[in-house]
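Participant: Take a look at this one; I'll ask things after.
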Amino acid sequence: MSNSRVVVNSKLTVVSSRPVSASGKGKAHALSALDSAMGSHTVHVIYYYKNEEKWFESFDLLDPLRESLSEVLTLYPTVTGRLGKRGVDGGWEVKCNDAGVRVIKASVDATLDQWLKSASGSEENLLVAWDHMPDDPTTWSPFRIQVNRFEGGGVAIGISCSHMVADLTFLASFFKSWTEVHRHLAITHPPFVAPLPNHADDDAESLPRHAKTHSPRNMATATFKFSSSIINRCLSKVHGTCPNATPFDFLAALFWNRIARVKPPKNHHQTHCLCICTDFRNLIKASLPIGYFGNALHFSMLSQKVEDMQLGGIVSAVHSHLKGLSEEEIWSTNNEGNYYCMYGTELTCVCMEHLVFEEENESLLYAAMFGNNEKPIQVSCRVGNVDYGEGLITVMPSEEGGLSRTVMVMLPEEELAELSKDEAILELEPAMLLAGSVVSGGPLT
(Lines give C-alpha, C1' and ligand atoms only; values in the text may rest on other atoms or scores of the structure.)
Protein backbone atom coordinates (compact mmCIF):
# COMPACT_ATOMS: atom_id res chain seq x y z
CA MET A 1 0.00 0.00 0.00
CA SER A 2 1.48 3.35 -1.10
CA ASN A 3 1.75 6.21 1.38
CA SER A 4 1.98 8.77 -1.41
CA ARG A 5 -0.04 11.93 -1.02
CA VAL A 6 -0.50 12.06 -4.80
CA VAL A 7 -3.03 9.60 -6.22
CA VAL A 8 -3.57 9.16 -9.96
CA ASN A 9 -7.29 9.08 -10.70
CA SER A 10 -7.43 8.64 -14.47
CA LYS A 11 -5.48 8.79 -17.72
CA LEU A 12 -6.67 10.01 -21.10
CA THR A 13 -5.46 11.31 -24.43
CA VAL A 14 -6.46 14.81 -25.53
CA VAL A 15 -6.44 15.48 -29.27
CA SER A 16 -6.71 18.72 -31.18
CA SER A 17 -10.22 20.06 -31.74
CA ARG A 18 -9.56 20.30 -35.48
CA PRO A 19 -7.53 17.54 -37.15
CA VAL A 20 -4.41 18.43 -39.10
CA SER A 21 -5.42 19.31 -42.64
CA ALA A 22 -4.84 16.86 -45.44
CA SER A 23 -1.91 18.97 -46.66
CA GLY A 24 -0.32 18.96 -43.21
CA LYS A 25 -1.03 15.36 -42.27
CA GLY A 26 1.99 13.17 -42.64
CA LYS A 27 4.47 16.04 -42.51
CA ALA A 28 7.55 15.56 -40.36
CA HIS A 29 9.91 17.92 -38.56
CA ALA A 30 13.54 16.81 -38.42
CA LEU A 31 15.25 17.27 -35.07
CA SER A 32 18.62 19.03 -34.93
CA ALA A 33 21.92 17.58 -33.76
CA LEU A 34 21.49 19.67 -30.60
CA ASP A 35 18.06 18.14 -30.02
CA SER A 36 19.46 14.64 -30.36
CA ALA A 37 22.25 15.45 -27.90
CA MET A 38 19.60 16.21 -25.25
CA GLY A 39 17.92 12.82 -25.71
CA SER A 40 18.83 11.37 -22.31
CA HIS A 41 17.11 14.20 -20.43
CA THR A 42 13.55 15.35 -19.78
CA VAL A 43 12.13 18.78 -18.92
CA HIS A 44 9.24 19.53 -16.58
CA VAL A 45 7.43 22.74 -15.57
CA ILE A 46 4.90 22.79 -12.72
CA TYR A 47 2.49 25.70 -12.31
CA TYR A 48 0.78 26.16 -8.94
CA TYR A 49 -2.50 28.12 -8.71
CA LYS A 50 -4.81 28.90 -5.83
CA ASN A 51 -7.76 28.66 -8.27
CA GLU A 52 -9.53 31.53 -6.51
CA GLU A 53 -11.46 32.42 -9.67
CA LYS A 54 -12.69 28.81 -9.95
CA TRP A 55 -11.48 28.41 -13.52
CA PHE A 56 -10.49 24.82 -12.75
CA GLU A 57 -13.39 22.44 -12.23
CA SER A 58 -13.00 18.82 -13.24
CA PHE A 59 -11.14 18.56 -16.57
CA ASP A 60 -13.89 16.16 -17.63
CA LEU A 61 -15.33 16.07 -21.13
CA LEU A 62 -16.70 19.52 -22.11
CA ASP A 63 -14.86 21.15 -19.21
CA PRO A 64 -13.64 24.58 -20.50
CA LEU A 65 -10.04 23.87 -19.52
CA ARG A 66 -9.99 20.64 -21.49
CA GLU A 67 -11.71 22.28 -24.45
CA SER A 68 -9.14 25.09 -24.54
CA LEU A 69 -6.33 22.51 -24.49
CA SER A 70 -7.85 20.79 -27.52
CA GLU A 71 -8.16 24.15 -29.21
CA VAL A 72 -4.55 25.22 -28.65
CA LEU A 73 -3.27 21.83 -29.80
CA THR A 74 -4.60 22.61 -33.29
CA LEU A 75 -1.80 25.21 -33.50
CA TYR A 76 0.88 22.76 -32.31
CA PRO A 77 0.91 19.69 -34.60
CA THR A 78 4.46 18.83 -33.46
CA VAL A 79 3.21 18.54 -29.87
CA THR A 80 0.53 16.01 -30.82
CA GLY A 81 2.92 14.10 -33.09
CA ARG A 82 5.11 11.07 -32.46
CA LEU A 83 8.83 10.41 -32.74
CA GLY A 84 10.33 8.27 -35.46
CA LYS A 85 13.53 7.75 -37.43
CA ARG A 86 14.19 9.24 -40.85
CA GLY A 87 14.86 6.70 -43.57
CA VAL A 88 17.65 8.68 -45.23
CA ASP A 89 20.13 9.19 -42.41
CA GLY A 90 18.45 7.53 -39.44
CA GLY A 91 18.06 10.83 -37.58
CA TRP A 92 15.09 11.59 -35.34
CA GLU A 93 11.99 13.43 -36.51
CA VAL A 94 8.53 14.30 -35.21
CA LYS A 95 5.78 12.95 -37.42
CA CYS A 96 2.72 15.23 -37.36
CA ASN A 97 0.11 12.46 -37.16
CA ASP A 98 -2.38 14.11 -34.78
CA ALA A 99 -2.01 11.35 -32.17
CA GLY A 100 -2.71 13.66 -29.20
CA VAL A 101 -1.19 14.41 -25.80
CA ARG A 102 -1.31 12.12 -22.79
CA VAL A 103 -3.08 13.71 -19.79
CA ILE A 104 -3.18 12.36 -16.23
CA LYS A 105 -5.63 13.52 -13.56
CA ALA A 106 -4.51 13.22 -9.94
CA SER A 107 -5.54 14.34 -6.48
CA VAL A 108 -3.27 15.49 -3.64
CA ASP A 109 -3.94 14.71 0.02
CA ALA A 110 -2.90 18.20 1.22
CA THR A 111 -3.82 21.82 0.72
CA LEU A 112 -1.67 23.85 -1.64
CA ASP A 113 -0.05 25.79 1.22
CA GLN A 114 0.67 22.59 3.16
CA TRP A 115 2.25 21.05 0.09
CA LEU A 116 4.60 23.95 -0.65
CA LYS A 117 5.77 23.97 2.97
CA SER A 118 6.20 20.24 3.49
CA ALA A 119 6.76 18.45 0.18
CA SER A 120 10.22 17.26 -0.77
CA GLY A 121 11.70 17.54 -4.22
CA SER A 122 11.10 13.85 -4.82
CA GLU A 123 7.45 14.31 -3.86
CA GLU A 124 7.12 17.20 -6.27
CA ASN A 125 8.21 14.84 -9.03
CA LEU A 126 4.90 13.03 -8.49
CA LEU A 127 3.07 16.08 -9.88
CA VAL A 128 4.42 15.41 -13.36
CA ALA A 129 3.72 12.39 -15.50
CA TRP A 130 6.50 10.62 -17.31
CA ASP A 131 7.18 7.28 -18.96
CA HIS A 132 10.58 6.85 -20.55
CA MET A 133 10.70 6.44 -24.31
CA PRO A 134 10.35 2.80 -25.36
CA ASP A 135 12.39 1.14 -28.08
CA ASP A 136 9.49 1.72 -30.47
CA PRO A 137 8.22 5.28 -29.82
CA THR A 138 5.64 5.37 -32.61
CA THR A 139 2.72 5.31 -30.16
CA TRP A 140 4.51 7.05 -27.27
CA SER A 141 3.53 10.63 -26.42
CA PRO A 142 6.64 12.84 -26.04
CA PHE A 143 4.52 15.51 -24.31
CA ARG A 144 2.54 14.81 -21.14
CA ILE A 145 0.36 16.89 -18.84
CA GLN A 146 -0.69 16.09 -15.29
CA VAL A 147 -3.53 18.02 -13.62
CA ASN A 148 -3.36 17.82 -9.82
CA ARG A 149 -6.21 18.89 -7.55
CA PHE A 150 -5.34 19.89 -3.97
CA GLU A 151 -7.65 19.84 -0.99
CA GLY A 152 -9.32 23.21 -0.61
CA GLY A 153 -9.39 23.97 -4.33
CA GLY A 154 -5.78 24.62 -5.36
CA VAL A 155 -4.39 23.08 -8.53
CA ALA A 156 -0.96 22.30 -9.97
CA ILE A 157 -0.51 21.60 -13.66
CA GLY A 158 2.68 19.79 -14.60
CA ILE A 159 3.79 19.68 -18.23
CA SER A 160 6.63 17.45 -19.39
CA CYS A 161 8.44 16.48 -22.55
CA SER A 162 11.53 14.74 -23.77
CA HIS A 163 14.39 17.25 -23.87
CA MET A 164 15.09 15.87 -27.33
CA VAL A 165 12.05 17.70 -28.74
CA ALA A 166 11.99 20.97 -26.77
CA ASP A 167 13.54 23.06 -24.01
CA LEU A 168 12.04 24.83 -21.00
CA THR A 169 11.42 28.02 -23.00
CA PHE A 170 9.25 26.25 -25.55
CA LEU A 171 7.33 24.45 -22.79
CA ALA A 172 6.65 27.79 -21.09
CA SER A 173 5.52 29.41 -24.35
CA PHE A 174 3.19 26.51 -25.14
CA PHE A 175 1.65 26.65 -21.68
CA LYS A 176 1.14 30.41 -21.95
CA SER A 177 -0.55 29.89 -25.33
CA TRP A 178 -2.94 27.46 -23.65
CA THR A 179 -3.87 30.07 -21.04
CA GLU A 180 -4.38 32.70 -23.75
CA VAL A 181 -6.66 30.46 -25.80
CA HIS A 182 -8.58 29.67 -22.60
CA ARG A 183 -9.15 33.40 -22.04
CA HIS A 184 -9.93 34.03 -25.75
CA LEU A 185 -6.84 36.20 -26.23
CA ALA A 186 -4.40 36.43 -29.11
CA ILE A 187 -1.36 34.20 -28.71
CA THR A 188 1.71 36.22 -27.74
CA HIS A 189 4.37 33.68 -28.75
CA PRO A 190 3.04 31.41 -31.51
CA PRO A 191 4.92 28.22 -32.38
CA PHE A 192 7.81 28.51 -34.80
CA VAL A 193 8.77 25.24 -36.45
CA ALA A 194 11.86 25.43 -38.65
CA PRO A 195 15.27 23.77 -38.91
CA LEU A 196 17.92 25.16 -36.59
CA PRO A 197 20.48 27.04 -38.71
CA ASN A 198 23.77 25.18 -38.90
CA HIS A 199 26.77 27.48 -39.17
CA ALA A 200 29.17 25.08 -37.51
CA ASP A 201 32.78 24.99 -38.57
CA ASP A 202 33.86 21.39 -38.97
CA ASP A 203 37.34 22.38 -37.83
CA ALA A 204 36.11 24.20 -34.74
CA GLU A 205 37.61 22.99 -31.49
CA SER A 206 35.08 20.81 -29.76
CA LEU A 207 34.13 21.15 -26.14
CA PRO A 208 35.40 18.41 -23.82
CA ARG A 209 33.27 15.34 -23.50
CA HIS A 210 32.07 14.21 -20.09
CA ALA A 211 30.92 10.71 -19.31
CA LYS A 212 28.29 9.79 -16.76
CA THR A 213 29.42 8.33 -13.51
CA HIS A 214 28.66 4.65 -13.10
CA SER A 215 25.65 5.16 -10.86
CA PRO A 216 23.29 7.98 -9.95
CA ARG A 217 23.71 9.78 -6.64
CA ASN A 218 21.12 10.36 -3.94
CA MET A 219 20.08 13.88 -4.86
CA ALA A 220 17.74 16.28 -3.07
CA THR A 221 16.26 19.60 -4.13
CA ALA A 222 15.25 22.82 -2.43
CA THR A 223 13.77 26.08 -3.68
CA PHE A 224 14.96 29.51 -2.48
CA LYS A 225 12.89 32.63 -3.26
CA PHE A 226 14.64 36.01 -3.04
CA SER A 227 12.68 39.27 -2.95
CA SER A 228 13.22 42.13 -5.38
CA SER A 229 14.39 44.46 -2.59
CA ILE A 230 16.99 41.95 -1.39
CA ILE A 231 18.39 41.40 -4.90
CA ASN A 232 18.48 45.15 -5.49
CA ARG A 233 20.50 45.56 -2.28
CA CYS A 234 22.89 42.77 -3.31
CA LEU A 235 23.47 44.28 -6.76
CA SER A 236 24.22 47.62 -5.12
CA LYS A 237 26.91 45.98 -2.98
CA VAL A 238 28.75 44.59 -6.02
CA HIS A 239 28.16 47.67 -8.20
CA GLY A 240 31.73 48.87 -7.78
CA THR A 241 33.13 45.58 -9.08
CA CYS A 242 30.41 44.77 -11.63
CA PRO A 243 28.17 47.79 -12.35
CA ASN A 244 26.00 45.97 -14.91
CA ALA A 245 25.48 42.77 -12.95
CA THR A 246 22.15 40.99 -13.40
CA PRO A 247 20.24 39.00 -10.77
CA PHE A 248 21.51 35.86 -12.47
CA ASP A 249 25.14 36.99 -12.27
CA PHE A 250 24.83 37.57 -8.53
CA LEU A 251 22.87 34.43 -7.64
CA ALA A 252 24.97 32.13 -9.85
CA ALA A 253 28.10 33.51 -8.20
CA LEU A 254 26.66 33.26 -4.69
CA PHE A 255 25.50 29.65 -4.99
CA TRP A 256 28.64 28.57 -6.88
CA ASN A 257 30.78 30.02 -4.10
CA ARG A 258 28.74 28.53 -1.25
CA ILE A 259 28.36 25.11 -2.89
CA ALA A 260 32.14 24.97 -3.44
CA ARG A 261 32.50 25.20 0.35
CA VAL A 262 30.33 22.14 1.02
CA LYS A 263 31.74 19.88 -1.68
CA PRO A 264 34.63 17.54 -0.88
CA PRO A 265 37.89 18.98 -2.27
CA LYS A 266 39.14 17.42 -5.51
CA ASN A 267 42.72 18.57 -5.09
CA HIS A 268 44.89 21.09 -3.27
CA HIS A 269 44.14 24.72 -4.29
CA GLN A 270 41.49 23.40 -6.63
CA THR A 271 39.90 25.35 -9.42
CA HIS A 272 36.13 24.98 -9.44
CA CYS A 273 34.17 24.63 -12.68
CA LEU A 274 30.69 25.91 -13.43
CA CYS A 275 28.88 24.87 -16.59
CA ILE A 276 26.47 27.67 -17.57
CA CYS A 277 23.43 26.83 -19.68
CA THR A 278 22.22 29.83 -21.69
CA ASP A 279 19.35 30.26 -24.13
CA PHE A 280 20.68 31.57 -27.46
CA ARG A 281 17.43 32.59 -29.17
CA ASN A 282 18.43 36.26 -28.91
CA LEU A 283 22.20 35.77 -29.04
CA ILE A 284 22.42 35.00 -32.76
CA LYS A 285 21.98 37.44 -35.65
CA ALA A 286 19.05 35.54 -37.15
CA SER A 287 17.33 35.45 -33.77
CA LEU A 288 14.78 32.76 -32.99
CA PRO A 289 11.37 33.58 -31.47
CA ILE A 290 10.38 32.45 -27.98
CA GLY A 291 8.02 29.91 -29.56
CA TYR A 292 10.81 28.12 -31.45
CA PHE A 293 10.12 24.37 -31.30
CA GLY A 294 13.29 22.58 -30.27
CA ASN A 295 16.38 23.34 -28.21
CA ALA A 296 18.23 26.65 -28.31
CA LEU A 297 20.69 26.09 -25.48
CA HIS A 298 24.42 26.68 -25.22
CA PHE A 299 26.59 25.09 -22.53
CA SER A 300 29.87 26.81 -21.67
CA MET A 301 32.43 26.23 -18.95
CA LEU A 302 33.77 28.80 -16.48
CA SER A 303 36.67 27.94 -14.13
CA GLN A 304 37.69 29.99 -11.10
CA LYS A 305 39.26 29.51 -7.66
CA VAL A 306 35.98 30.66 -6.16
CA GLU A 307 36.88 29.82 -2.55
CA ASP A 308 39.74 32.33 -2.70
CA MET A 309 37.76 35.15 -4.36
CA GLN A 310 35.55 37.92 -3.07
CA LEU A 311 31.91 37.53 -4.13
CA GLY A 312 32.07 40.68 -6.29
CA GLY A 313 34.92 39.17 -8.28
CA ILE A 314 32.96 35.97 -8.93
CA VAL A 315 29.93 38.04 -10.00
CA SER A 316 32.15 39.94 -12.44
CA ALA A 317 33.60 36.68 -13.80
CA VAL A 318 30.13 35.25 -14.46
CA HIS A 319 28.97 38.50 -16.08
CA SER A 320 32.05 38.79 -18.31
CA HIS A 321 31.78 35.15 -19.34
CA LEU A 322 28.19 35.55 -20.53
CA LYS A 323 28.90 38.89 -22.23
CA GLY A 324 31.79 37.28 -24.06
CA LEU A 325 29.74 34.51 -25.67
CA SER A 326 29.92 34.83 -29.45
CA GLU A 327 27.74 33.44 -32.17
CA GLU A 328 30.78 31.65 -33.58
CA GLU A 329 31.25 29.83 -30.27
CA ILE A 330 27.56 28.91 -30.17
CA TRP A 331 27.59 27.44 -33.66
CA SER A 332 30.95 25.73 -33.12
CA THR A 333 29.15 23.17 -30.96
CA ASN A 334 26.15 22.84 -33.26
CA ASN A 335 27.27 19.90 -35.32
CA GLU A 336 27.23 16.22 -34.51
CA GLY A 337 30.39 15.02 -32.86
CA ASN A 338 31.02 18.30 -31.06
CA TYR A 339 28.66 17.74 -28.14
CA TYR A 340 29.73 16.78 -24.67
CA CYS A 341 27.34 15.37 -22.12
CA MET A 342 24.71 18.01 -21.43
CA TYR A 343 24.16 18.68 -17.73
CA GLY A 344 27.38 16.76 -17.24
CA THR A 345 29.61 15.90 -14.35
CA GLU A 346 30.39 19.53 -13.42
CA LEU A 347 28.04 21.73 -11.41
CA THR A 348 25.60 23.26 -13.93
CA CYS A 349 23.71 26.55 -13.65
CA VAL A 350 20.72 27.30 -15.92
CA CYS A 351 20.07 30.95 -16.78
CA MET A 352 16.45 31.95 -17.50
CA GLU A 353 16.90 35.73 -17.60
CA HIS A 354 15.59 35.79 -21.17
CA LEU A 355 12.11 34.98 -19.84
CA VAL A 356 11.91 38.34 -18.04
CA PHE A 357 10.45 41.07 -20.24
CA GLU A 358 11.64 44.40 -18.86
CA GLU A 359 9.11 46.58 -20.66
CA GLU A 360 6.26 44.68 -19.03
CA ASN A 361 8.04 43.98 -15.69
CA GLU A 362 6.68 40.47 -16.15
CA SER A 363 8.02 37.03 -16.94
CA LEU A 364 6.77 34.44 -19.37
CA LEU A 365 6.31 31.94 -16.54
CA TYR A 366 4.13 34.08 -14.28
CA ALA A 367 2.10 35.66 -17.10
CA ALA A 368 0.39 32.29 -17.66
CA MET A 369 -3.08 33.01 -16.26
CA PHE A 370 -6.22 30.93 -16.80
CA GLY A 371 -8.20 33.49 -14.78
CA ASN A 372 -8.20 37.18 -15.58
CA ASN A 373 -6.30 38.20 -12.45
CA GLU A 374 -4.78 35.01 -11.07
CA LYS A 375 -1.09 34.39 -11.62
CA PRO A 376 0.66 31.22 -10.53
CA ILE A 377 1.91 31.48 -6.94
CA GLN A 378 4.88 29.25 -7.75
CA VAL A 379 6.45 27.77 -10.87
CA SER A 380 9.01 24.96 -10.67
CA CYS A 381 11.31 24.06 -13.55
CA ARG A 382 13.06 20.70 -13.52
CA VAL A 383 15.45 18.76 -15.73
CA GLY A 384 15.32 14.99 -15.48
CA ASN A 385 18.16 12.46 -15.42
CA VAL A 386 20.84 14.76 -14.02
CA ASP A 387 21.45 12.80 -10.83
CA TYR A 388 24.88 11.56 -11.88
CA GLY A 389 26.55 14.99 -11.90
CA GLU A 390 27.78 17.51 -9.33
CA GLY A 391 24.42 19.25 -9.14
CA LEU A 392 22.09 21.67 -10.89
CA ILE A 393 21.23 25.30 -10.09
CA THR A 394 18.30 26.90 -11.93
CA VAL A 395 17.83 30.66 -11.60
CA MET A 396 14.41 31.75 -12.79
CA PRO A 397 11.90 34.60 -12.46
CA SER A 398 9.75 34.77 -9.35
CA GLU A 399 6.13 35.61 -8.60
CA GLU A 400 6.88 39.08 -7.24
CA GLY A 401 8.35 40.29 -10.52
CA GLY A 402 11.02 42.95 -10.84
CA LEU A 403 14.42 41.75 -9.64
CA SER A 404 13.00 38.91 -7.54
CA ARG A 405 14.27 35.47 -8.44
CA THR A 406 13.66 31.84 -7.52
CA VAL A 407 16.64 29.49 -7.28
CA MET A 408 16.08 25.73 -7.46
CA VAL A 409 19.07 23.68 -6.30
CA MET A 410 19.66 19.97 -6.79
CA LEU A 411 22.64 18.53 -4.91
CA PRO A 412 23.66 15.32 -3.17
CA GLU A 413 21.57 15.08 0.00
CA GLU A 414 24.37 15.71 2.48
CA GLU A 415 25.61 18.76 0.54
CA LEU A 416 22.14 20.31 0.29
CA ALA A 417 21.64 19.84 4.03
CA GLU A 418 24.81 21.85 4.63
CA LEU A 419 23.92 24.49 2.04
CA SER A 420 20.52 25.02 3.68
CA LYS A 421 22.30 26.20 6.83
CA ASP A 422 24.74 28.50 5.02
CA GLU A 423 24.71 31.91 6.74
CA ALA A 424 25.67 33.84 3.59
CA ILE A 425 22.48 32.57 1.93
CA LEU A 426 20.19 32.73 4.95
CA GLU A 427 21.10 36.34 5.70
CA LEU A 428 19.36 37.23 2.43
CA GLU A 429 16.13 35.95 4.01
CA PRO A 430 15.01 33.58 1.26
CA ALA A 431 11.61 31.93 1.50
CA MET A 432 12.30 28.20 1.28
CA LEU A 433 9.87 25.86 -0.46
CA LEU A 434 9.64 22.22 -1.45
CA ALA A 435 12.61 21.24 0.67
CA GLY A 436 10.89 18.57 2.76
CA SER A 437 12.97 17.16 5.61
CA VAL A 438 16.28 17.94 3.92
CA VAL A 439 16.23 21.61 4.83
CA SER A 440 16.06 22.59 8.47
CA GLY A 441 15.88 26.22 9.45
CA GLY A 442 15.02 29.14 7.20
CA PRO A 443 11.65 30.81 6.82
CA LEU A 444 8.72 29.25 5.00
CA THR A 445 6.14 31.14 3.04
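Participant: So, VAL350, is that one open to solvent by less than 20 Å² (accessible area, probe 1.4 Å), modelled with pLDDT of 95 or more and on the phi < 0 side of the Ramachandran plot or not?
Facilitator: The answer is yes for VAL350.
Participant: If you take the residues of segment 12-49 that are of a type in the set (S, T, N, Q) and under 23 Å from the mean Cα position of the chain (by Cα), which of them is surrounded by the fewest Cβ atoms within 10 Å (Cβ to Cβ)?
Facilitator: SER36
Participant: Further question: Does segment 325-332 contain any residue that is at pLDDT below 95 and either crowded, with 22+ Cβ neighbours inside 10 Å or small (Gly, Ala, Ser) (or both)?
Facilitator: The answer is yes, given that some residue of segment 325-332 is at pLDDT below 95 and either crowded, with 22+ Cβ neighbours inside 10 Å or small (Gly, Ala, Ser) (or both).
Participant: Here's a follow-up. Just wondering, is there one or more residues in segment 406-418 that are buried (at least 18 other Cβ atoms within 10 Å of the Cβ) and in contact with a Cys (Cβ under 8 Å, 6 or more places away or on another chain)?
Facilitator: yes
Participant: Ok, one more. Restricted to segment 287-304, and to residues that are closer than 22 Å to PRO243 by Cα and open to solvent by 40 Å² or more (accessible area, probe 1.4 Å), which residue is nearest to the chain's Cα centre (by Cα)?
Facilitator: Of everything passing the filter in segment 287-304, SER303 is nearest to the chain's Cα centre (by Cα).
Participant: Continuing with the same structure: So which residues in segment 51-68 are surrounded by fewer than 18 Cβ atoms within 10 Å (Cβ to Cβ) and in contact (Cβ under 8 Å) with a residue 60 or more places away in the chain?
Facilitator: Those that are surrounded by fewer than 18 Cβ atoms within 10 Å (Cβ to Cβ) and in contact (Cβ under 8 Å) with a residue 60 or more places away in the chain: GLU52, GLU53, LYS54, PRO64.
Rundown of residues vs (1) over 19 Å from LEU251 (Cα atoms); (2) at pLDDT 95 or above; (3) outside the structural domain of CYS349 (by the TED database), yes/no style:
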residue	(1), (2), (3)
GLY291	yes, yes, no
ASN295	yes, yes, no
LEU302	no, no, no
LYS305	no, no, no
VAL315	no, yes, no
VAL318	no, yes, no
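Participant: Does LEU112 qualify as being assigned by the TED database to the domain that holds GLY152, under 20 Å from the mean Cα position of the chain (by Cα) and at pLDDT 95 or above?
Facilitator: Judged against the criteria, LEU112 is not a match.
Participant: Still on this model: Report whether or not VAL379 is farther than 30 Å from HIS184 by Cβ, outside the structural domain of SER120 (by the TED database) and open to solvent by less than 10 Å² (accessible area, probe 1.4 Å).
Facilitator: no
Participant: Kindly establish whether ARG233 is modelled with pLDDT under 95 and either of a type in the set (Lys, Arg) or touching a strand residue (DSSP E or B) at 6+ places or on another chain (Cβ under 7 Å) (or both).
Facilitator: no
Participant: Moving on to the next point. Residues being open to solvent by less than 20 Å² (accessible area, probe 1.4 Å) and part of a strand (DSSP E or B): count how many of those fall in segment 69-107.
Facilitator: 8
Participant: Sort out which residues of segment 138-169 are open to solvent by 10 Å² or more (accessible area, probe 1.4 Å), over 22 Å from LEU364 (Cβ atoms) and in a strand (DSSP E or B), and write them in order of number.
Facilitator: Scanning segment 138-169 gives ARG149, GLU151.
Participant: For segment 178-192, which residues satisfy the criterion of being within 17 Å of ALA286 (Cα to Cα) and open to solvent by 70 Å² or more (accessible area, probe 1.4 Å)?
Facilitator: PHE192
Participant: A follow-up question, please. Could you please give the count of residues in segment 50-90 that are over 25 Å from the mean Cα position of the chain (by Cα) and closer than 24 Å to MET38 by Cβ?
Facilitator: Counting residues in segment 50-90 that are over 25 Å from the mean Cα position of the chain (by Cα) and closer than 24 Å to MET38 by Cβ gives 6.
The values are calculated or read from the model by the stated rules, or taken from the named source; none is laboratory data. Bear in mind that the values here come from a model prediction, so they are computed numbers and not experimental data. Backbone-built Cβ (ideal geometry, glycine too); neighbour counts: all protein chains shown. For the accessible areas, the whole protein counts, side chains as well, though only heavy atoms, and no ligand, DNA or RNA atoms are used. Shrake-Rupley method; radii C 1.70, N 1.55, O 1.52, S 1.80 Å.
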